[in-house]
Amino acid sequence: MHDGILYTGVPNRQELKNAPGIPAADSIGAGGTAFIECLQTIACNPCETNCPTGAISIGAQISNRPVLDAKKCVGCGTCVSKCPGLAITVIARKRDDATTVLSLPYEYFPLPSAGDTVAAVDREGRFVCDANVLNVKPMSAHQSTSVVKIEFPEEYTFKVKSINTFHWRSNNG
């Protein structure tokens, strides 16, 4: 059976393991760390050119996959809104209350609002848990994509990748 990004649109474990933009789990900073799931070699570099700390590098060949230096990443999320492939999220762990905060790209309308409860889903769109929307940065002249920041139980840190827009919209008009 074929699996992986080319066959199903969902990366398999080996592809994720080999992605140079995904930091080790123990390197997630208190303010957050970018997770770059850019798995294909395409001509693209907005993440590198917009990273204010130089934590993301593509190199001389623009089709290289982005490499993340987790020690330089401050979790600002600029790369999340600039990635045309929607391949970047920022993960932060809040140890004091055992929750995770995930900033993710979001290109649907209507946008959720702070305080909304949404369905957090995995890479395949399957429900994982409910999540609380902390804030939403709508698309603007300086930001290519809206960014939704959600919070959910820490046990789902590496499982949650997005929110189910159909679930949220059906409950909110």
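The values are calculated or read from the model by the stated rules, or taken from the named source; none is laboratory data. Quantities reported herein were computed from a predicted structural model and do not represent experimental measurements. Ideal geometry is used to build each Cβ from the backbone, glycine not excepted, and the neighbour counts take in all protein chains shown. The accessibility values were calculated without ligands, DNA or RNA, using every heavy atom of the protein model including side chains. Shrake-Rupley method; radii C 1.70, N 1.55, O 1.52, S 1.80 Å.
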Checklist entry - Considering only segment 5-59, how many residues are of a type in the set (Val, Ile, Thr), open to solvent by less than 40 Å² (accessible area, probe 1.4 Å) and over 13 Å from residue 75 (Cα atoms)? => result 2
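Sort through 78, 89 and tell me the only one that's hydroxyl-bearing (Ser, Thr, Tyr), open to solvent by less than 20 Å² (accessible area, probe 1.4 Å) and in contact with a helix residue (DSSP H, G or I) (Cβ under 7 Å, 6 or more places away or on another chain). Spell out the reasoning first.
Numbers: 78 fails: open to solvent by less than 20 Å² (accessible area, probe 1.4 Å).
After applying the criteria, what remains is 89.
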Next on the checklist: Here's a check for you: in segment 106-138, which residue that is under 18 Å from residue 32 (Cβ atoms) and open to solvent by 20 Å² or more (accessible area, probe 1.4 Å) is farthest from the chain's Cα centre (by Cα)?
Outcome noted: 114
Checklist entry - Does segment 74-89 hold any residues that are touching a Cys at 6+ places or on another chain (Cβ under 7 Å) and under 15 Å from residue 32 (Cα atoms), and which are they? => result 78, 79, 88
Checklist entry - Within segment 31-39, can one find any residue that is β-branched (Val, Ile, Thr) and farther than 16 Å from residue 104 by Cβ? => result no
Next on the checklist: Return the pair list, or none, for Cβ contacts closer than 7 Å from residues in segment 1-16 that are within 18 Å of residue 162 (Cβ to Cβ) and of a type in the set (Asp, Glu) to residues that are open to solvent by less than 40 Å² (accessible area, probe 1.4 Å) and at pLDDT 85 or above, at least 6 apart or on different chains.
Outcome noted: 15/4; 15/39
